[in-house]
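Notes to accompany the following structure.
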Amino acid sequence: MPLELQELNPETDFPGIARCLFESYEDPPQKFFHVFFPIHGTGEKAREEAIDEAATRLKLWHTHDPSSYWQKVVDTDTGKIAGGALWNIHKENPFANPPSSQVTWFPDDGSRRFVEKALVNHSAPRAKVAQRPHLYLFIIFTHPDYRRRGVGQQFMDWGMKKADELGYDFFLDATLYGRPLYDVNGFVYIEENLNVPQTDNPDEAWKEVAEKVGPFTFWLMWRPVGGKYEEGKTIKPWEQN
């Protein structure tokens with residue numbers, strides 16, 4: 001079963017990408033996934049509706065974001081998507097004039113307010129250090145059927161090569177499950193980000209999503225241009241005067 005890295009076809013691939021995304025983050029379950037791709041309700045019908053909504057939203061995000069670049073790894077024997085990656089190739093400082101975005105995937109109540117704050121918290125560490133053109137790995141996943149077969153490494157090899165071609169720093173926010181892949185590729189730990197949205201007056205909807213998601217942690221990681229880093233010697237760009 002040869003596994004081939006391909007550019008995603010935005011006209012046809014988002015339904016398959018969304019399904020693979022859900023199946024990947026459900027095994028093992030990762031609570032933070034609900035912030036980005038919630039299932040409203042219970043049962044298979046609610047899950048299918050959530051996958052359909054995710055496919056539509058991912059296509060919309062891609063269409064309206066000039067920095068967006070999607071890839072997939074495909075099992076060429078079966079045509080099945082083995083994994084996916086969403087890159088943001090920022091040719092300018094993305095934090096200088098950030099686009100306004102609305103959390104349309106939650107109702108207009110406390111649950112939406114919770115997610116809005118969670119997203120601000122999520123991007124805050126990178127906003128402090130990446131005020132320049134850079135490559136950002138926003139989403140990466142491998143289907144459980146294809147793990148430990150080099151799918152993630154194919155994405156990483158492409159990203160590292162692309163960043164070096166552009167002369168860009170490479171940033172990502174790592175989960176506990178993803179960190180080993182990034183560690184072996186020489187990424188440097190920058191900051192632990194424990195995400196706990198706060199409000200003075202949480203309504204029941206806020207409390208419900210907070211209980212479902214709980215505090216969740218990402219680790220901001222960085223790879224300098226060229227991938228060469230020596231502790232105490234390599235100058236971090238954001239620390240320069």
* Asked: Can you tell which of Pro38, Pro224, Pro215 shows the greatest fluctuation in a Gaussian network model of the chain with Cα springs below 10 Å?
  -> Pro215
* **Solvent exposure ordering (accessible area, 1.4 Å, most first) of Ser67, Ser101, Ser123** => Ser101, Ser123, Ser67
* Asked: Carbon and sulfur together cover what percent of the accessible area of the range 1-117 at a 1.4 Å probe radius?
  -> 53
* Asked: So which residue, out of Pro94, Pro144, Pro107, gets the largest mean-square fluctuation from a GNM of the chain using Cα contacts under 10 Å as springs?
  -> Pro107
* To do: Sort the following peptides by mean Cβ neighbour count (other Cβ atoms within 10 Å, averaged over residues), highest first: 73-81, 169-177.
  => 169-177, 73-81
* Rounded to the nearest 5, what is the percent of antiparallel bridges among the DSSP beta bridges in the range 102-241? -> 75
* Between beta-carbons, use under 10 Å as the cut-off and find the net charge around Gln6, counting Lys and Arg +1, Asp and Glu -1. => -2
* Taking Cα centroids, how far is the range 51-71 from the range 157-184 in Å? -> 21
* Structure fact -> Rounded to whole angstrom, the alpha-carbon centroid of the range 187-205 lies from that of the range 78-99 at a distance of 22
* Structure fact -> Connecting every pair of Cα atoms under 10 Å apart in the chain and solving the GNM, the largest mean-square fluctuation among Asn193, Asn93, Asn201 falls on Asn201
* To do: May I ask for the net charge around Asp65, where only other residues with Cβ less than 15 Å from the Cβ of Asp65 are counted and Lys, Arg are +1 while Asp, Glu are -1?
  => +2
* Asked: Given the pairs Lys161/Lys236; Lys91/Lys117; Lys80/Lys212; Lys45/Lys207; Lys72/Lys161; Lys59/Lys161, which span a C-alpha to C-alpha distance of over 22 angstrom in this model?
  -> Lys91/Lys117; Lys80/Lys212; Lys45/Lys207; Lys59/Lys161
* Quote the accessible area belonging to Arg126 in square angstrom, nearest 10, computed with a 1.4 Å probe and with ligands, DNA and RNA left uncounted. => 20
* Asked: What number comes out for the charge environment of Ala50, summing +1 per Lys or Arg and -1 per Asp or Glu over other residues with Cβ under 13 Å away?
  -> -3
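The values are calculated or read from the model by the stated rules, or taken from the named source; none is laboratory data. All values derive from a computational prediction rather than experimental measurement. All Cβ positions, glycine included, derive from the backbone under ideal geometry; neighbour counts span all protein chains shown. All accessible areas refer to the heavy atoms of the entire protein, side chains included, with ligands and DNA or RNA removed. Shrake-Rupley method; radii C 1.70, N 1.55, O 1.52, S 1.80 Å.
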